[in-house]
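Participant: What follows is a structure written as structure tokens; I'll ask about it next.
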There are 4 protein chains.
Amino acid sequence: MKSCVEACLACYTACLDCATESIKMSDEAMLNCIQTCLDCAELCNLCARFCATDSDYSAKICAMCAELCDACAAECEKHDHEHCQECARACRECAEECAVMA
Amino acid sequence: MKSCVEACLACYTACLDCATESIKMSDEAMLNCIQTCLDCAELCNLCARFCATDSDYSAKICAMCAELCDACAAECEKHDHEHCQECARACRECAEECAVMA
Amino acid sequence: MKSCVEACLACYTACLDCATESIKMSDEAMLNCIQTCLDCAELCNLCARFCATDSDYSAKICAMCAELCDACAAECEKHDHEHCQECARACRECAEECAVMA
Amino acid sequence: MKSCVEACLACYTACLDCATESIKMSDEAMLNCIQTCLDCAELCNLCARFCATDSDYSAKICAMCAELCDACAAECEKHDHEHCQECARACRECAEECAVMA
């Protein structure tokens, strides 16, 4: 069991590393958008969990989430793609909600 | 609290969607590598969790994880980049460990 | 950087193990409910991600998610607590949606 | 697809809520340990991801992770169970590594 957990976590980091390096070969124009959106997705997911479980740390995570959501919105607002504009709107709304909780 | 959870999850899916669409604009050559690595990373992470907590569903998740790790290895073996070769090795090892647990 | 990743993942598994063992000391009556709900939460979260990113593996994850959601609903339906009844309803709805995708 | 994502995320939060409420019925003595360990596990997992992908936000997440790891160690050091002592050690090590990165 323990060796399976270790192999899974080693594979997890190797896959993250490979995806990260391959994404860096992407078109310069969208690179920052991809990286910021992936970070923002993860932090929003954790923030939802901490709020849903009424964690003692939810206010601190909300404060950081509000900051990252605003940064992600600022990045996505630069791009005319519909999915970027949609993402920017969701980020601004989430930043507002998180700021209230923080 | 509830509206913050909802805003975070809405932002989570909007960010995932934006990242996914932006990644699709990447160089064709690396697109499949990025998508498969991101999927494999997530499933390995879940598999590690189910094994670490001795879940009743760990065998089933291990079976699916072994399959996805082999597919990810096959994809990454096509690319000469060091991070792809490293990822392929970690995937093959994880597939073996997971097959034992499945 | 690498040693920080390793320390974080070692701490992640130690915390999961500690929580799992401490949960096992819980009241027998709710133990299965807690474990199944935590498993179901994780798999639903992964399933949402795979569907949102239109992964090649979303159908397979949906099939497993439908199965676990039905098992979680069956467990939670045994308990009269409002949060258990609410959870059972969400699980049945999710199982139906996932069965369509599978 | 969209309705499946929504059903999965609704089920995710319902399962988290049910697990959280059921855990609150646990023995008072271990309640804080369980909650802190679950929070710490999640934040360590996110911190590993942000470090592994060399995120612009890894230093900030490391700072928060160091704080939560120290709090989790302080809680687990109160309990004589082997898994609590083991967890406390992993938390102290992780807090040190994260403090270096922060």
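Values in this text are rule-based calculations from the coordinates and carry no lab data. None of these values were measured; they are calculated from a predicted model. For neighbour counting, all protein chains shown are included, and Cβ atoms are generated from backbone atoms with ideal geometry for every residue, glycine included.
Participant: Given the rotation relating A and D, tell me which residue in A puts its Cβ closest to the axis and the distance in Å.
Facilitator: Smallest Cβ distance to the axis, with its residue: A:L46, 3.
Participant: Would you mind estimating how fast the protein assembly as shown diffuses translationally, via Stokes-Einstein at 25 °C and 0.890 mPa s with the Kirkwood radius over Cα pairs, in µm²/s?
Facilitator: In µm²/s, the coefficient is 117.
Participant: Most fluctuating residue of B:A90, B:A66, B:A19 in a GNM of chain B with Cα springs under 10 Å: which is it?
Facilitator: Comparing B:A90, B:A66, B:A19 in the GNM, the peak value goes to B:A19.
Participant: To the nearest whole number, what is the average tally of beta carbon atoms from other chains within 10 Å of the beta carbons of peptide D:77-86?
Facilitator: Per residue, the average neighbour count from other chains is 3.
Participant: Return the lysines within reach of D:K2: Cα separation strictly under 23 angstrom, same-chain partners fewer than 8 residues apart disregarded; answer none if there are no such residues.
Facilitator: Here the lysines satisfying the reach criterion relative to D:K2 are B:K2, B:K24, C:K60.
Participant: Now, a different point. Would you mind listing the distances between the C:A63 label point and the same position in each other copy? Use 7 Å along Cα-to-C-beta, nm, one decimal, shortest first.
Facilitator: Shortest to longest, the spacings are 0.9, 4.8, 4.8 nm.
Participant: Now a separate question. Taking springs between alpha-carbon atoms closer than 10 angstrom, which of A:A52, A:A14, A:A71 fluctuates most in the Gaussian network model of chain A?
Facilitator: Maximum fluctuation in the GNM of chain A, among the listed residues, is at A:A14.
Participant: Placing a label point 7 Å from Cα toward Cβ, how far apart in nm is D:E96 from its equivalents in the other copies, listed shortest first to one decimal?
Facilitator: 3.3, 4.7, 5.5
Participant: Continuing with this model, one more query. Please give the Cα centre distance for region A:15-93 versus region B:63-95, rounded to the nearest Å.
Facilitator: The two parts, judged by their Cα centres, are 27 Å apart.
Participant: A follow-up question, please. Across the Cα atoms of region B:29-101, what radius of gyration and what greatest pairwise Cα-Cα distance (Dmax) are found, in Å?
Facilitator: Rg and Dmax of region B:29-101, Cα atoms, are 12.2, 39 Å.
Participant: Given springs between every Cα pair under 10 Å in a Gaussian network model of chain B, which of B:L16, B:L31, B:L68 has the largest fluctuation?
Facilitator: B:L16
Participant: Dipole magnitude of region C:28-101 about its Cα centre, charges +1 at Lys/Arg Cβ and -1 at Asp/Glu Cβ only, in debye to the nearest 20?
Facilitator: The dipole magnitude comes to about 160 debye.
Participant: List the relative contact order of region A:29-101 as a percent without decimals, with contacts defined as Cα pairs under 8 Å and 6+ residues apart.
Facilitator: Averaging sequence separation for qualifying contacts and normalising by length gives 33 percent for region A:29-101.
Participant: Once the label point is set 7 Å along the Cα-to-beta-carbon vector, what list of distances in nm do you get between A:A29 and its counterparts in the other copies?
Facilitator: 2.0, 6.3, 6.4
Participant: In nm, to one decimal, how far is the A:A74 label point from the A:K24 one, both placed 7 Å along Cα→Cβ?
Facilitator: 2.4 nm
Participant: Using label points projected 7 Å from each Cα along Cα→Cβ, tell me how many nm separate C:L31 and A:E86, to one decimal.
Facilitator: Between C:L31 and A:E86, the simple spin-label model gives 4.6 nm.
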